[in-house]
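Chemist: Before we start, here is the structure in question, set down as structure tokens.
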Amino acid sequence: MSKAIQTCFKRYEKKYFLTDEQYRMFKEKTASFVKPDDYGSYTICNIYYDTDNYSLIRASLEKPVYKEKLRVRSYGVPGENGTVFVELKKKYDGVVYKRRITMKNSEAQVFLKGFKTGGELSRIGREIDYFQSFWQTVPKAFIAYDREALQGTENSDLRITFDTNLRYRLDRLDLAAGDDGERITDNDLILMEVKMPDSCPLELSKVLSELKIKPASFSKYGECYKSHIMNNNRNSVKKEMYLSA
């Protein structure tokens, strides 16, 4: 029996960068209360949507109390008729809210262009449709990474993930086009994310403190924008201003 697909999330998310040694020690010291999740290791592929002038990510990088983003996600390369998740992710006062619907990859592209794909939209579908009608976003960046996922043995709502090989591309913005890309960062650190419904478990806090693992402020799309898009976008704006003068 396949696992039920979760469509709504409300949780706290904390990010950390780990060295290989910290990763090894962390796995050893948490083995008594976490285990691999049902999927183990896999590749995550995303298409991030934004306005023509990247207003969503630019606002997000200013660290407001409230921010939101839209992306289409697949686990592995889906193909045209493979299942993808259209996700609206919001963060308010440190709490992350994620709402998503499933579609075929080809249907998701049509839906996000403002066209109906047949059938009645769910409540979350209508929420995403309203977001799109307001912001008029378009595909802006492909971001993929390889993930290892753990969950709590006693509390499955506790999730810990390790992401490596963060990569991007700014062309071929279709999840069916493969999971290749250029590296987002030059370092080989492992990005760990701890996802929990409320406060961090005491035993996990002790391990983080013992290994001197400290929280980091990091956004995959944000880093991609700052390192590989921002300067080109500024040059395009300057060119448009020059041509319209």
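All of the numbers you see were taken from the coordinates with simple rules; none came from a lab. Please read these numbers as outputs of a predicted model, since none were measured by experiment. Cβ atoms come from the backbone with ideal geometry, glycine included; neighbour counts cover every protein chain shown.
Chemist: Chymotrypsin sites (Phe, Trp or Tyr not before Pro), restricted to segment 88-195: which are DSSP loop and have at most 10 other Cβ atoms within 10 Å?
Modeler: Answer by residue number: F115.
Chemist: Another question about this same structure. So how far apart, in nm, are the two label points at N187 and Y66 if each is 7 Å from Cα heading toward Cβ?
Modeler: If labels sit at N187 and Y66, their model points lie 3.3 nm apart.
Chemist: Average projected area of the Cα convex hull of the chain, in nm²?
Modeler: Mean projected area of the Cα convex hull: 15.0 nm².
Chemist: Between D146 and K35, what is 0.36 nm times their sequence separation minus the Cα-Cα distance? Round to one decimal in nm.
Modeler: So the extension gain works out to 38.2 nm.
Chemist: Turning to a different aspect of this structure: Hey, if you put +1 on the Cβ of every Lys and Arg and -1 on every Asp and Glu Cβ in segment 8-244, which of L175, L70, T19 ends up farthest toward the positive end of that dipole?
Modeler: Positive-most Cα among the choices belongs to L70.
Chemist: Which GluC sites (Glu not before Pro) in segment 77-178 sit in a loop by DSSP (not H, G, I, E or B) and have at most 12 other Cβ atoms within 10 Å of their own Cβ?
Modeler: E80, E120, E154
Chemist: Now for a separate question. So, R0 is 41 Å and r is the distance between the beta-carbons of A177 and L202; what FRET efficiency does that work out to, to 0.05?
Modeler: With a Förster radius of 41 Å, E is 0.35.
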